[in-house]
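The values are calculated or read from the model by the stated rules, or taken from the named source; none is laboratory data. Keep in mind it's a predicted model, so treat the numbers as computed, not measured. Don't worry about glycine lacking a Cβ; one is built from the backbone with ideal geometry, like all the others, and counts go over all protein chains shown.
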There are 2 protein chains.
Amino acid sequence: MSVNAREMVGVDLGGTKMLLGVLDGESNVLWESREASTGQSEDELVELLVREVAEARAAQPEAAAVGLGIPATINRDRGVAVSAVNLPIENLPIRDLASERTGLPVFVDNDANVAALAEHLYGAARGSENAVMLTIGTGIGGGLILGGEVYRGSTGAGAELGHVTIEIDGPRCQGNCPSRGCVETLASGTALGREGREAAEREPGSVLARMKADGREIDGKAVTEAALGGDATAIAVFELIGSRLGVALASFANIFEPEVFVIGGGVIAAGDLLLEPARRELRERALPPMNRAPVVPAELGEDAGMIGAAAMARSELEWGTG
Amino acid sequence: MSVNAREMVGVDLGGTKMLLGVLDGESNVLWESREASTGQSEDELVELLVREVAEARAAQPEAAAVGLGIPATINRDRGVAVSAVNLPIENLPIRDLASERTGLPVFVDNDANVAALAEHLYGAARGSENAVMLTIGTGIGGGLILGGEVYRGSTGAGAELGHVTIEIDGPRCQGNCPSRGCVETLASGTALGREGREAAEREPGSVLARMKADGREIDGKAVTEAALGGDATAIAVFELIGSRLGVALASFANIFEPEVFVIGGGVIAAGDLLLEPARRELRERALPPMNRAPVVPAELGEDAGMIGAAAMARSELEWGTG
């Protein structure tokens with residue numbers, strides 16, 4: 001059987017959950033599991049991964065390799081997760097560890113890189129030579145398709161698009177990022193929740209304030225719910241977050257002149273409430289012709305990382321390159 | 001004779017001067033001219049180019065093609081200079097115009113792209129797979145070597161690295177750039193002069209203030225002269241400009257994970273007075289391992305654009321790709 005037709009395990013090990021699937025050569029999901037990853041130690045995350053891969057193989061014994069997407073800077077040559085902003089991982093030789101423990105070839109990549117690969121192969125960036133993908137959740141991950149290939153930087157640590165400074169003296173960034181005013185800290189789901197809480201304080205008559213009074217935690221999800229329900233205060237929070245996102249998109253447009261921007265991650269549930277202010281800022285700030293690049297939602301939803309991780313493993317097994 | 005050995009005309013058409021040379025296959029300069037370009041209209045710039053190419057051919061009749069680097073967004077397929085921040089050029093079909101008028105094949109590219117190509121082939125980025133080059137003069141131009149090739153974006157308009165926002169509500173950018181707080185407007189030679197003039201006002205005892213009192217125009221060159229002479233006020237201006245540059249370098253480091261940053265253009269005359277604060281900011285702000293990328297001065301000086309333009313023309317003639 002050609003590698004192309006073989007089954008692969010794709011894993012998206014995110015800051016809040018781990019999605020694992022066994023996919024066939026046409027990217028159909030044959031088996032899938034979902035486990036919480038919040039609050040787990042490095043060792044516990046490895047145990048979780050090994051256990052779930054074993055379960056997957058019990059269900060689908062033909063799986064030939066494991067592709068693993070992690071929200072971390074990755075050293076591809078050594079298969080090491082060097083550091084992560086939103087997971088307790090540091091210099092973890094995850095490729096060799098997981099390979100030893102599962103008995104399968106394991107390939108590791110940044111989660112946003114594999115999500116970009118998935119959208120490039122099967123989703124919103126299909127047919128693009130150059131595409132920029134942002135995954136907006138707890139943090140902001142970046143994936144680049146340049147000249148039809150995933151661009152990963154010199155050792156695989158590149159494309160950290162969430163960590164570009166848009167406000168030179170802005171707030172300290174999240175987790176292990178030492179910078180200030182990164183788009184991640186100003187326009188992620190975390191920022192959405194923070195701005196939502198401040199707006200609820202400022203606007204006691206808003207739906208957001210009432211949700212808070214009812215004991216609801218005001219996080220990105222709550223702000224999205226209120227905004228989709230028509231709350232002007234929550235919509236204004238999306239205006240702010242979306243326009244900050246658009247400032248970063250304008251910079252990326254000037255840098256890459258991409259054919260398309262693809263926006264994924266949990267925050268995209270708000271749809272055009274997020275994307276319209278981002279598009280407006282892009283149109284107003286980027287140089288022509290770059291200011292005309294379309295900004296579209298990801299098509300593969302939360303499965304993008306898992307699908308891309310499996311595709312990356314397939315490509316590595318076949319060509320020695322993801 | 002193989003294309004590799006043939007002579008090429010390389011032209012660097014900058015905002016203040018046009019450098020034109022005839023180069024042999026080993027990039028030796030056989031003939032060279034330098035003309036002022038400041039204040040010229042679009043038509044006058046084309047005339048100047050045609051006249052100088054004719055002179056070059058009178059001296060070196062073997063020249064086989066013209067490579068042209070322009071500080072403008074370029075449409076490579078159509079050979080059009082779409083728009084320029086620091087030259088009065090808009091939708092100029094310069095490739096076909098110049099080709100008709102000179103009778104030679106003409107190839108057009110962004111000036112910073114060809115400077116990056118030159119540094120990659122012959123200068124400070126030799127041997128690098130991934131390198132980021134900034135040319136800091138009147139504006140800030142960007143050139144990208146990714147995977148060993150010049151990255152130009154989807155139509156050739158990309159790599160406008162000077163137009164990334166580092167201060168979301170910062171000052172309006174220069175020329176035709178509609179954005180705010182771009183690194184170009186905060187850390188170019190123009191910014192250096194502006195900050196120098198403000199510092200001269202604030203510090204009446206400084207060398208800068210005395211230069212001003214003596215009737216000297218305080219521009220980037222004057223600030224550089226004062227700083228190299230030890231004036232603390234001028235050195236502090238370089239601290240400010242260099243640290244802003246470093247903020248952009250940290251973003252580029254996180255995006256590209258380059259093996260090297262190469263800094264060229266007139267402002268690099270200040271050497272480490274500019275580069276040290278930039279390096280410090282890069283080390284402090286970028287994620288590991290990207291924060292360790294070296295920041296080095298360009299090696300080819302003001303000839304980089306001309307050399308790269310000739311190399312690009314040679315590559316186009318031979319391979320159909322620059």
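Numbers at a glance
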{"item": "Total residues in segment B:131-180, condition among the hydrophobic types (A, V, I, L, M, F, W, C), facing chain A (nearest Cβ under 7 Å) and closer than 21 Å to B:ARG194 by Cβ", "result": "5"}
{"item": "Residues of segment A:269-310 classified as over 19 Å from A:PHE252 (Cα atoms) and out of contact with any His (no Cβ under 9 Å at 6 or more places or on another chain), total", "result": "16"}
{"item": "Selected residue (only one of A:SER243, A:SER206 is in contact with a helix residue (DSSP H, G or I) (Cβ under 6 Å, 6 or more places away or on another chain), surrounded by fewer than 24 Cβ atoms within 10 Å (Cβ to Cβ) and closer than 30 Å to B:ALA112 by Cα)", "result": "A:SER243"}
{"item": "Test: residue in segment B:277-298 that is under 20 Å from B:ASN110 (Cβ atoms), within 16 Å of the chain's Cα centre (by Cα), more than 10 Å from chain A (Cβ to nearest Cβ) and not hydrophobic (A, V, I, L, M, F, W, C)", "result": "no"}
{"item": "From the options B:GLY320, B:GLY308, residue that is small (Gly, Ala, Ser), at positive phi and either at pLDDT below 95 or crowded, with 23+ Cβ neighbours inside 10 Å (or both)", "result": "B:GLY320"}
{"item": "Selection from segment A:135-159 of residues that are outside any loop (DSSP other than H, G, I, E, B) and in contact with a helix residue (DSSP H, G or I) (Cβ under 6 Å, 6 or more places away or on another chain)", "result": "A:THR135, A:ILE136, A:ILE140, A:GLY141, A:GLY142, A:GLY143, A:ILE145, A:VAL150"}
{"item": "Residue in segment B:71-87 that is in contact with a strand residue (DSSP E or B) (Cβ under 8 Å, 6 or more places away or on another chain), charged (D, E, K, R), within 19 Å of B:VAL9 (Cα to Cα) and surrounded by fewer than 23 Cβ atoms within 10 Å (Cβ to Cβ) present", "result": "yes"}
{"item": "Residue that is under 15 Å from A:ILE268 (Cβ atoms), touching a residue at least 24 places away in the same chain (Cβ under 8 Å), of a type outside the set (Phe, Trp, Tyr) and away from chain B (no Cβ under 14 Å), where the choices are A:VAL223, A:VAL207", "result": "A:VAL223"}
{"item": "Selection status of A:ASP272, more than 14 Å from every other protein chain (Cβ to nearest Cβ), of a type in the set (Asp, Glu) and without any contact (Cβ under 8 Å) to a residue 40 or more places away in the chain", "result": "yes"}
{"item": "Candidate set from segment A:83-130 (those that are outside any helix (DSSP H, G or I) and without any contact (Cβ under 8 Å) to a residue 24 or more places away in the chain); member that is farthest from the other protein chains (Cβ to nearest Cβ)", "result": "A:GLY103"}
{"item": "Residues that are in contact (Cβ under 8 Å) with a residue 24 or more places away in the chain and within 14 Å of chain A (Cβ to nearest Cβ), drawn from segment B:252-269", "result": "B:PHE252, B:ALA253, B:ASN254, B:PHE256, B:GLU257, B:PRO258, B:GLU259, B:VAL260, B:PHE261"}
{"item": "Among (1) within 27 Å of B:GLY10 (Cα to Cα); (2) assigned to a helix (DSSP H, G or I); (3) out of contact with any Pro (no Cβ under 8 Å at 6 or more places or on another chain) - the single one B:ILE268 does not satisfy", "result": "(3)"}
{"item": "Total residues in segment A:64-80, condition modelled with pLDDT of 95 or more and over 21 Å from A:ASN176 (Cβ atoms)", "result": "4"}
{"item": "Among the residues listed as B:ALA227, B:ALA187, B:ALA236, B:ALA222, the single one being out of contact with any Ser or Thr (no Cβ under 7 Å at 6 or more places or on another chain) and either at pLDDT below 95 or surrounded by fewer than 20 Cβ atoms within 10 Å (Cβ to Cβ) (or both)", "result": "B:ALA236"}
